[in-house]
């Protein structure tokens with residue numbers, strides 16, 4: 001499905017995203033992602049650094065569930081995804097690698113934060129959450 | 001009725017939706033127009049500017065105006081260094097200039113490393129994420145400080161690239177999320193390229209200016225070149241000397257002839273050398289047959305045989321790099337010059353050996369008889385080896401001419417920087433003995449307000465001005481029998497009574513000082529009339545003993561030392577603009593000819609109180625003119 005442009009602010013990485021996956025036995029795992037990238041109008045990409053459980057699950061079960069939050073409106077988005085392929089070079093990979101390198105080098109962590117691969121997911125469905133999370137009056 | 005109402009409702013919705021679409025397209029169009037305006041402004045303004053500060057200012061201000069880049073930095077990379085340095089900032093109230101970023105660190109560092117543009121958001125939050133992992137790994141928390149905003153939420157960094165080389169980064173920051181999302185990436189790359197080219201143009205220009213700027217450097221450079229040339233000549237001289245000591249060309253010639261006659265029954269030989277152009281050969285020695293007319297001899301002296309792009313025996317020998325033996329000469333496949341030689345020299349049989357040195361043809365050796373020669377293969381080999389040795393000598397004799405010419409050139413240059421007698425001494429003995437001179441006069445000049453004016457003038461104008469003044473001073477020094485010693489920035493130094501001592505130096509130097517001053521007065525009058533800034537000159541003179549000589553082996557120059565020099569310099573600094581300040585020592589030697597005004601004791605820095613006088617003019621009875629500048633006959637008689 002086509003990703004609506006409205007979601008883009010939520011993909012800038014200001015608020016970490018979550019990716020839920022499950023093993024073939026149905027045991028779920030939720031990992032925190034530093035950034036979800038807009039790859040093209042139908043696909044999103046997530047950086048594979050060291051989330052070993054998520055990677056293992058994706059090998060068994062391609063389906064995943066991503067949650068991102070718009071940093072300005074605090075509106076959450078729920079995205080159903082399916083792993084399409086991995087990329088280890090090319091424009092998208094390099095863009096993601098630069099983001100990671102920039103942030104890691106500021107903390108002296110460039111040796112740890114190495115981009116292993118870019119997981120490219122097809123978007124199956126997108127649901128916009130409620131505009132909520134206001135402090136009680 | 002209801003239907004109609006519904007219809008009109010639908011129409012209304014359609015109109016609204018079309019209107020929305022139009023609005024959207026309009027805003028896109030507006031955006032594009034803006035982007036192109038920016039590019040146009042950058043093209044017109046910064047590419048043509050050669051001033052770095054101005055380029056930065058215009059670029060940052062126009063990008064703020066059109067794109068809302070309210071906070072931006074321009075960092076430049078010094079070639080060979082791993083760091084980028086903030087050279088200009090916009091929106092930070094001038095703060096951050098001079099801060100550095102290492103290549104590969106942070107957004108700016110990564111953009112510099114990869115030479116690719118990058119947008120990023122929420123770096124602050126992401127840093128917390130990385131740090132939490134760092135903590136969980138029990139690693140030391142490292143925070144590398146970055147220049148720019150503290151609460152930055154959005155960053156955009158554009159590499160500045162010229163000819164595939166990164167010269168800097170243009171970094172933009174915002175406290176808002178998604179501040180730069182709408183700007184077309186290609187437009188930003190064009191902006192980056194334009195800023196990059198402008199910087200590189202301005203830098204190239206600055207480099208040229210700096211080169212022009214340093215007169216001093218020019219002199220050093222010239223001296224160095226001269227020095228190198230001298231060394232080269234010396235080593236060549238030695239090389240040739242060693243060869244020449246052993247052999248002399250005419251001596252060799254007779255030896256060659258004797259040798260070939262005895263061993264190979266060869267009666268004649270001739271030697272040709274390749275001309276500097278490399279296109280022809282000319283005879284330097286011909287062992288003529290007895291019956292040859294003077295006319296023919298003359299023709300041989302100016303004979304040039306072509307060896308390039310012709311069908312000829314000599315050309316063939318040089319091209320093949322092998323000896324050629326013609327037992328019986330056939331008059332085919334030869335040039336008309338060769339035919340001339342064969343006929344006039346009555347050659348019936350000949351051996352031709354091309355001479356090579358380091359792979360380059362230097363000449364041709366011809367052995368011939370007026371009857372058939374019978375040379376064996378080993379004879380030819382022996383003659384070839386013999387000829388090889390000859391090649392070196394021919395080459396060196398040609399080199400010798402060249403060296404003589406170079407030497408003349410270097411002598412000329414040497415005379416430009418050293419006094420004649422010193423240059424001769426240096427040339428002959430390769431050194432100059434320091435000389436104690438009992439009495440010499442030293443003059444210093446300095447431009448007052450030079451720093452002030454140099455700020456207002458362009459480097460080119462400044463050099464032109466200085467050069468104009470100093471050239472005139474050189475001229476004045478020369479005709480007053482003074483030795484110009486050096487210029488130090490805007491100061492000029494000359495002396496009288498050396499290197500060959502004389503008695504007239506205090507007078508010579510005072511006459512020159514009056515001329516210096518008069519020249520400067522004329523200059524300032526012209527400048528005043530044109531409403532231009534002008535310089536005033538302070539002149540100081542002192543007479544005393546000095547040590548003179550040439551020091552250094554790398555960069556030599558004739559110079560003088562001693563307290564006299566220091567005092568002369570103090571005389572200059574203790575004077576006033578437009579006046580000539582002389583010491584008592586000088587005054588006592590010139591006061592019968594010049595009008596002076598006593599200043600009494602004046603404190604001179606580091607020298608205590610010194611008795612000083614202002615030199616005014618030549619006394620009226622000794623001057624030709626009203627101003628007391630030109631001496632009359634009585635001046636010289638007294």
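The values are calculated or read from the model by the stated rules, or taken from the named source; none is laboratory data. Keep in mind that this is a model prediction, so the values were computed, not measured. Methodologically, a virtual Cβ is constructed for each residue, glycine included, from the backbone with ideal geometry; neighbour enumeration extends over all protein chains shown.
Of all the residues that make up segment B:63-87, how many are closer than 18 Å to residue B:174 by Cβ and either within 14 Å of chain A (Cβ to nearest Cβ) or touching a residue at least 12 places away in the same chain (Cβ under 8 Å) (or both)? Qualifying residue count, segment B:63-87: 13.
Among the candidates A:87, A:82, the residue that is over 19 Å from residue A:18 (Cα atoms), in contact with a strand residue (DSSP E or B) (Cβ under 7 Å, 6 or more places away or on another chain), more than 14 Å from chain B (Cβ to nearest Cβ) and surrounded by fewer than 21 Cβ atoms within 10 Å (Cβ to Cβ) is uniquely A:87.
Being within 11 Å of chain A (Cβ to nearest Cβ), modelled with pLDDT of 75 or more, within 19 Å of residue A:97 (Cβ to Cβ) and under 49 Å from the mean Cα position of the chain (by Cα) is the requirement here; does residue B:111 meet it?
Considered against the rule, which asks whether it is within 11 Å of chain A (Cβ to nearest Cβ), modelled with pLDDT of 75 or more, within 19 Å of residue A:97 (Cβ to Cβ) and under 49 Å from the mean Cα position of the chain (by Cα), residue B:111 comes out as yes.
Scan segment B:455-473 and tell me whether some residue there is in contact with a strand residue (DSSP E or B) (Cβ under 7 Å, 6 or more places away or on another chain) and either surrounded by fewer than 15 Cβ atoms within 10 Å (Cβ to Cβ) or not in a strand (DSSP E or B) (or both). Yes - at least one qualifying residue is present in segment B:455-473.
Cβ-Cβ contacts under 8 Å between residues 6 or more apart (or on different chains), taken from a first residue in segment A:107-129 that is within 14 Å of chain B (Cβ to nearest Cβ) to a second residue that is in a strand (DSSP E or B), are listed as A:115/A:47; A:115/A:48.
Let's see how each residue does on (1) facing chain A (nearest Cβ under 7 Å); (2) outside any strand (DSSP E or B); (3) loosely packed, with under 15 Cβ neighbours inside 10 Å:
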| residue | (1), (2), (3) |
| --- | --- |
| B:96 | no, yes, no |
| B:101 | no, no, no |
| B:126 | yes, yes, no |
| B:129 | yes, yes, no |
| B:138 | no, yes, yes |
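Here is the figure for segment B:504-535: residues that are surrounded by 18 or more Cβ atoms within 10 Å (Cβ to Cβ), in contact (Cβ under 8 Å) with a residue 60 or more places away in the chain and more than 21 Å from residue B:422 (Cβ to Cβ) total 10. Say whether the condition of being within 12 Å of chain A (Cβ to nearest Cβ), modelled with pLDDT under 75 and not in a helix (DSSP H, G or I) is met by at least one residue in segment B:181-190. Yes: one or more hits. Of all residues being at pLDDT 90 or above and part of a strand (DSSP E or B) in segment A:47-64, which is farthest from residue A:103 (Cα to Cα)? Just the residue, please. It comes out as A:63. Screening segment A:20-46 for residues that are touching a residue at least 60 places away in the same chain (Cβ under 8 Å) and part of a strand (DSSP E or B) and picking the one that is farthest from the other protein chains (Cβ to nearest Cβ) gives A:43.
Annotation note: of B:433, B:464, B:486, the sole residue that is modelled with pLDDT of 75 or more and under 18 Å from residue B:541 (Cβ atoms) is B:486.
Is there a residue in segment B:589-601 that is in contact with a strand residue (DSSP E or B) (Cβ under 6 Å, 6 or more places away or on another chain), without any contact (Cβ under 8 Å) to a residue 12 or more places away in the chain and either over 23 Å from residue B:511 (Cα atoms) or assigned to a strand (DSSP E or B) (or both)? Yes - at least one qualifying residue is present in segment B:589-601. Quick check on my filter: what residues within segment A:12-36 are modelled with pLDDT of 85 or more, on the phi < 0 side of the Ramachandran plot and surrounded by fewer than 20 Cβ atoms within 10 Å (Cβ to Cβ)? Selection gives A:18, A:20, A:22, A:23, A:24, A:25, A:27, A:28, A:29, A:30, A:31. From the list A:67, A:99, the lone residue that is at pLDDT below 90 and touching a strand residue (DSSP E or B) at 6+ places or on another chain (Cβ under 9 Å) is A:99.
Conditions (1) in a helix (DSSP H, G or I); (2) closer than 25 Å to residue B:116 by Cβ; (3) touching a helix residue (DSSP H, G or I) at 6+ places or on another chain (Cβ under 7 Å), marked per residue:
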| residue | (1), (2), (3) |
| --- | --- |
| A:79 | no, no, no |
| A:82 | no, no, no |
| A:98 | yes, yes, yes |
| A:101 | yes, yes, yes |
| A:114 | no, yes, no |
